[in-house]
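The values are calculated or read from the model by the stated rules, or taken from the named source; none is laboratory data. Just so it is clear, the model here is predicted, and its values are computed rather than measured. Backbone-built Cβ (ideal geometry, glycine too); neighbour counts: all protein chains shown. These area figures cover heavy atoms from the full protein model, side chains too; ligands, DNA and RNA do not enter into them. Shrake-Rupley method; radii C 1.70, N 1.55, O 1.52, S 1.80 Å.
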Amino acid sequence: MSQRANPRGTFLRIADTLKTWIETDSSTTELPSLAQVMSDHKVSRGVALRAFDVLRQEGMAEPVPGGRWRIVRAGAQVDRRPLHERIADVITANGLEVGEAFPSASALAERFGVSRPTVTKALEKLEAAGVLAGGGQGKVRTVRAVPAREGRS
């Protein structure tokens, strides 16, 4: 039986194709969507996920909660802190003061490249911690407290 007819090797061929694509296009930061890989290679979700897992095991890509898989390049700096911590940094990065309006979940989802439900969960953590106030459907979130930066002297 040839390699081409063997379904067990299909995910490895897809992983090889994606590796070649990653290596030749250095400007790409995300893998194609799972649906796109399934459509392009005419395979099931499970086969596409196994191909993505090969890339994860080899350190070439990693899953992003609520988003596409991120390509990991040698020497590239990627902030792997939890999303709620990165969102809290928006307060200091934007120079927001207590009582000022906080960016919307849609704007944050676009900024961090994740889904709105993922941002909403992170915002809920910040509300529970007392950093943000308000929120909910149609309400504007406001800054309740400016988080202290760790590592400052």
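List of remarks:
- Scanning the stretch 45-68 for residues that are among the small types (Gly, Ala, Ser) and either buried (at least 17 other Cβ atoms within 10 Å of the Cβ) or within 26 Å of residue 117 (Cα to Cα) (or both) yields 46, 48, 51, 61, 66, 67.
- Selected residue [more than 16 Å from the chain's Cα centre (by Cα) and in contact (Cβ under 8 Å) with a residue 24 or more places away in the chain] from 87, 91: 91
- Boolean, residue 93 is open to solvent by 60 Å² or more (accessible area, probe 1.4 Å) and among the aliphatic types (A, V, I, L, M): yes
- Which numbered condition residue 52 misses (of (1) of a type outside the set (A, V, I, L, M); (2) at pLDDT 90 or above; (3) over 17 Å from the mean Cα position of the chain (by Cα)): (3)
- Condition check for residue 20: modelled with pLDDT of 90 or more, among the β-branched types (Val, Ile, Thr) and open to solvent by 40 Å² or more (accessible area, probe 1.4 Å): yes
- Qualifying residues in the stretch 23-35 (those that are out of contact with any helix residue (DSSP H, G or I) (no Cβ under 9 Å at 6 or more places or on another chain) and without any contact (Cβ under 8 Å) to a residue 12 or more places away in the chain) - the one least open to solvent (accessible area, probe 1.4 Å): 25
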